[in-house]
Amino acid sequence: MITRVRAGADGSVLECIRQHDHAALSAALAEAWCLDGVLDDEVRFAVRFHDVAWVGLDHRVVLTAGGDPHSFLDHPLGPRYRALITGVDLVEHGSPYAGLLCSRHHARFSALSDDEASQAHLAHEQARQARLWSRLDAVQQARADADLALLQLFDALSLFVCCNEPGTVTWPFHRDGFRFGAHRLQARWDGPARVRLDPDPLVAPVTWSYPAFRWDDAGVLVDRVDHTVTIGG
C-alpha cells in the first residue's frame, strides 16, 4: 500500500493508493516510452505486473498501533515476502525473462536488511535468478541490466506521482532526478494534476486516472476518491 497526504476540503488527509494501481501508471509510461526505441513486450509485461504480489495484501490495510496504515516501506515482513515470492512466481509463469527482472527488482530491497526473514527471501530469489539466468539467450543476458534499470525508472516515476502530495514534493526520494544508464530525467509538478519531465522521453503525454481510499477501523478501504494526473507534454 502507498500512503500519502493530500489537501482535503477540511484540511490535509492521509489516503492510500494500492500498489497494483500504481503499477498501472508505470505500465502506461512504458507504453509511451520513445527514448532509444520501443520497449520489448517482455519488459512491458514486467513493468505492468511488477507489483502483482500486492493485490491480496492491499485488499485491506494493515494498521499500525497508532491506527495509520502500514505502507510498502514498513509492511510486516513475513506476509510481504510470502506474497512477493508468489507474485514473482506468477510473473515468471507468463515470462521467465520478466520474472527475472521482477525478482531482481524486489530482491535488492531485502538485500539492504540483515534480519533473518530478509536474508531468507534474498537467498530464495538469488536461487531463482540463477535458474532463470541459465535459460536466457545471449541477447537477453546482454540487455538484462538495462531493462532492469528501465523497470526501476518506471516504478520510481510512478512513485513520484503517487507518494508526493499532489502539486508539491513531499516524498524524500528522487528530488535530484532519476538516473538510468547514461540518462537523467527531472520531474517537477506543474500544478496538482500535471507532472513535467525534462527531457521528455514520452511519445505523447500520459493521462492516468486512479483511485485512492481512506479506511475504517477494521482496515477496510472506504471513501474512494478518483484522481487524474497527466505526465509529460
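The values are calculated or read from the model by the stated rules, or taken from the named source; none is laboratory data. Computed from a predicted structure; not experimentally measured. Cβ atoms come from the backbone with ideal geometry, glycine included; neighbour counts cover every protein chain shown. Surface accessibility is based on the protein's heavy atoms, side chains included, excluding ligands, DNA and RNA. Shrake-Rupley method; radii C 1.70, N 1.55, O 1.52, S 1.80 Å.
Couple of notes before you dig in:
- Extension gain, D217-Q119: 0.36 nm per intervening residue step, less the Cα-Cα distance, totals 32.0 nm.
- Rounded, prolate or oblate (a/c below 1.5 giving rounded, otherwise prolate when a/b exceeds b/c) for the chain by Cα gyration tensor: oblate
- Per residue, the chain exposes 47 Å² of accessible surface when a 1.4 Å probe is rolled over the protein heavy atoms with every protein chain present.
- Centre-to-centre separation between the Cα atoms of segment 119-134 and those of segment 181-232: 32 Å.
- Solvent-accessible area, 1.4 Å probe, carbon plus sulfur percent, for the chain: 53
- Per-residue 3J(HN,Hα) values for segment 171-183, derived from phi via the Karplus relation 6.51 cos²θ - 1.76 cosθ + 1.60 with θ = phi - 60°, read 6, x, 9, 6, 6, 9, x, 10, 10, 8, x, 8, 9 Hz in sequence order (x marks Gly and Pro).
- Among 44-51, 191-198, 170-177, 150-157, the peptide with the highest mean count of other Cβ atoms within 10 Å heads the list, and the full ranking is 44-51, 150-157, 191-198, 170-177.
- Length gained when the stretch A182-L63 is fully extended (0.36 nm per residue, less Cα-Cα span): 38.7 nm
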